[in-house]
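Chemist: Encoded as structure tokens, here's the structure I'll be asking about.
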Amino acid sequence: MNAYATASLYVGDLHPEVTEALLFELFNAVGPVASIRVCRDSVTRRSLGYAYVNFHSVVDAERALETMNYTLIKNKPCRIMWCHRDPSLRKSGTGNIFIKNLDKSIDNKALYDTFSAFGNILSCKVATDDNGGSKGYGFVHYETQDAANMAVTRVNGMLLNAKKVFVGFFVSRKERSAGEGGDDVFTNVFTKNVPVEWDDEQLKEFFAQCGTIKSAVVMKSNEGKPRGFGFVNFAEHAEAAKAIEELNGKEVNGKPIFVGRAQKKRERERELRDKFEQLKLERASKFSGVNLYVKNLDDGIDDEKLREAFAPFGNISSAKVMSDDKGVSRGFGFVCFGATEEATKAVAEMNGHILGNKPLYVALAQRKDERKNMLEQQHTQRVTGGVRLPRGPESQSQMYPGAPFFYSPQQMPPQVRAGAAIYALSSNP
């Protein structure tokens with residue numbers, strides 16, 4: 001039996017429409033299920049794409065992992081792993097390998113089937129893009145380092161679906177960056193405002209005054225026309241640094257060119273993300289204390305009716321009912337006032353107020369980080385005062401983080417009559 005086995009499973013890569021009831025139906029066929037929880041956004045209640053399934057028995061949990069991993073649930077293969085509450089196991093890097101140059105047809109199951117021959121796998125995943133397509137690389141985390149060693153030795157350089165793959169030990173981004181000397185040591189420079197008539201050779205000739213050039217390329221459009229920027233890769237860091245110092249801002253054909261360190265994709269993404277987060281913070285600060293979150297809206301409430309309902313409390317700058325792709329109300333919205341006092345009064349008088357046929361829930365809108373802090377506090381409270389699941393036949397059942405809100409029929413409160421629904425929601429939002 002797996003040394004890390006518990007009675008709790010993590011089930012990921014779930015379709016957004018997968019519910020606790022559906023998972024109960026599927027997993028209870030393997031063995032008695034103690035509880036199930038699909039994790040959801042605290043505000044929208046939309047599925048986050050993963051769930052925890054708790055069995056009474058470790059044996060049943062292991063059987064579910066072996067027989068149900070990568071099975072289709074709503075036409076999407078699920079990914080099942082043991083639930084590890086100790087993050088040190090995942091972060092240690094022991095037994096973790098990296099595979100690249102994978103054929104696009106290799107999915108999670110194919111990767112698992114290939115590498116399971118060398119030892120027990122704790123987790124296995126092919127990296128995918130926003131459309132679900134393979135990015136050509138993946139990760140396998142073995143229970144032991146010996147299994148990882150064997151996988152690297154046996155598979156590295158072999159053909160998988162007619163493509164030669166690289167298999168090596170996983171190295172964290174932080175360790176890779178340190179090994180390369182960090183961001184301060186670079187040889188590749190980015191240049192823009194380059195004369196449009198320049199080709200690769202002319203770009204190389206211009207930068208050759210600063211050192212030995214390994215490559216120089218002017219970027220072109222799909223039509224083959226120069227786009228006015230390019231990249232130059234020097235043999236040494238000192239040469240690249242010299243190019244930035246001496247050529248950045250230099251006039252060429254009457255225009256100053258820009259020369260700077262070429263950023264990696266992750267750096268550009270991080271920079272853009274930081275700028276976006278800064279804009280969000282500025283916007284959030286602007287509307288702090290005046291923007292209200294309103295949920296439990298009647299289906300007949302639109303933007304105008306929402307504005308009318310809150311108009312008596314002050315000047316409204318915006319009122320919006322959120323809707324799906326088909327224009328159907330999602331049951332919540334936002335109302336933004338001109339002053340904090342107006343918003344405070346609206347919360348006091350409209351929270352619980354009947355609008356249409358439903359009582360409203362009204363509160364100050366929270367930023368994502370504020371909601372996260374609130375959820376962490378709730379999680380801590382649930383863990384410290386959480387529900388202990390009954391002992392299974394082979395071992396004591398584990399309780400995953402965040403008390404479950406789906407219980408098996410044996411766990412239902414005694415006052416529930418026969419034939420009643422078997423689902424129980426927790427009191428936590």
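Chemist: Suppose we filter the range 256-300 for residues that are surrounded by 12 or more Cβ atoms within 10 Å (Cβ to Cβ) and basic (Lys, Arg); how many remain?
Modeler: Result for the range 256-300: 6.
Chemist: Same structure, new question: What are the residue pairs meeting all of these: first residue in the range 117-131, first residue within 18 Å of ASP103 (Cβ to Cβ) and at pLDDT below 85, second residue assigned to a loop (DSSP other than H, G, I, E, B) and of a type in the set (Phe, Trp, Tyr), Cβ atoms under 9 Å, and 6 or more apart or on different chains?
Modeler: none
Chemist: Can you name the residue in the range 44-60 that is hydroxyl-bearing (Ser, Thr, Tyr) and assigned to a strand (DSSP E or B) and is also surrounded by the most Cβ atoms within 10 Å (Cβ to Cβ) among such residues?
Modeler: TYR52
Chemist: Of (1) without any contact (Cβ under 8 Å) to a residue 40 or more places away in the chain; (2) touching a Leu at 6+ places or on another chain (Cβ under 6 Å), LEU48 satisfies all except one. Which?
Modeler: Of the numbered conditions (1) without any contact (Cβ under 8 Å) to a residue 40 or more places away in the chain; (2) touching a Leu at 6+ places or on another chain (Cβ under 6 Å), the odd one out for LEU48 is (2).
Chemist: Which one is nearest to ARG79 (Cα to Cα) among residues in the range 99-110 that are in contact (Cβ under 8 Å) with a residue 40 or more places away in the chain and loosely packed, with under 15 Cβ neighbours inside 10 Å?
Modeler: Among those residues, the one meeting the criterion is SER105.
Chemist: I need the full set of residues from the range 111-148 which are farther than 20 Å from HIS15 by Cα, surrounded by 16 or more Cβ atoms within 10 Å (Cβ to Cβ) and hydrophobic (A, V, I, L, M, F, W, C), in order please.
Modeler: Residues satisfying the conditions are LEU111, PHE115, PHE118, ILE121, LEU122, VAL140, ALA147, ALA148.
Chemist: How about the range 1-17: which of its residues are at pLDDT 90 or above and either assigned to a strand (DSSP E or B) or more than 13 Å from ILE80 (Cβ to Cβ) (or both)?
Modeler: SER8, LEU9, TYR10, VAL11, GLY12, HIS15, PRO16, GLU17
Chemist: Does the range 328-345 contain any residue that is exposed (fewer than 14 other Cβ atoms within 10 Å of the Cβ), of a type in the set (Lys, Arg) and either modelled with pLDDT under 60 or out of contact with any helix residue (DSSP H, G or I) (no Cβ under 9 Å at 6 or more places or on another chain) (or both)?
Modeler: no
Chemist: Hey, another quick one. Residues of the range 218-237 being closer than 14 Å to ASN188 by Cβ and outside any strand (DSSP E or B), which ones?
Modeler: ALA235, GLU236, HIS237
Chemist: Among the residues of the range 328-345, write down those that are in a strand (DSSP E or B) and of a type outside the set (Ser, Thr, Tyr).
Modeler: The answer is ARG330, GLY331, PHE332, GLY333, PHE334, VAL335, CYS336, PHE337.
Chemist: I want to confirm something. Restricting to the range 7-53 and keeping residues that are of a type in the set (Asp, Glu) and more than 16 Å from the chain's Cα centre (by Cα), which single residue is farthest from LEU297 (Cα to Cα)?
Modeler: Across the range 7-53, the extreme among qualifying residues is GLU25.
Chemist: Would you point out which residue out of ASP274, ASP298, ASP302 is in contact with a Leu (Cβ under 7 Å, 6 or more places away or on another chain) and among the acidic types (Asp, Glu)?
Modeler: ASP298
Chemist: Something else now. Just to be sure, is SER215 under 39 Å from the mean Cα position of the chain (by Cα), closer than 15 Å to PHE190 by Cβ and without any contact (Cβ under 8 Å) to a residue 24 or more places away in the chain?
Modeler: Here the answer is yes, as SER215 does meet what is asked.
Chemist: On to the next question. Just to be sure I understand, how many residues within the range 321-356 are touching a Leu at 6+ places or on another chain (Cβ under 7 Å) and more than 20 Å from ALA311 (Cβ to Cβ)?
Modeler: Residues in the range 321-356 being touching a Leu at 6+ places or on another chain (Cβ under 7 Å) and more than 20 Å from ALA311 (Cβ to Cβ): 1 in total.
Chemist: Hey, another quick one. Given (1) at negative phi; (2) surrounded by 14 or more Cβ atoms within 10 Å (Cβ to Cβ); (3) in contact with a strand residue (DSSP E or B) (Cβ under 9 Å, 6 or more places away or on another chain), where does LYS76 come up short, assuming only one miss?
Modeler: (3)
The values are calculated or read from the model by the stated rules, or taken from the named source; none is laboratory data. Here the structure is a predicted model, which means the values were calculated and not measured. FYI the Cβ positions are ideal-geometry reconstructions off the backbone, even for glycines, and counts take in every protein chain you see.
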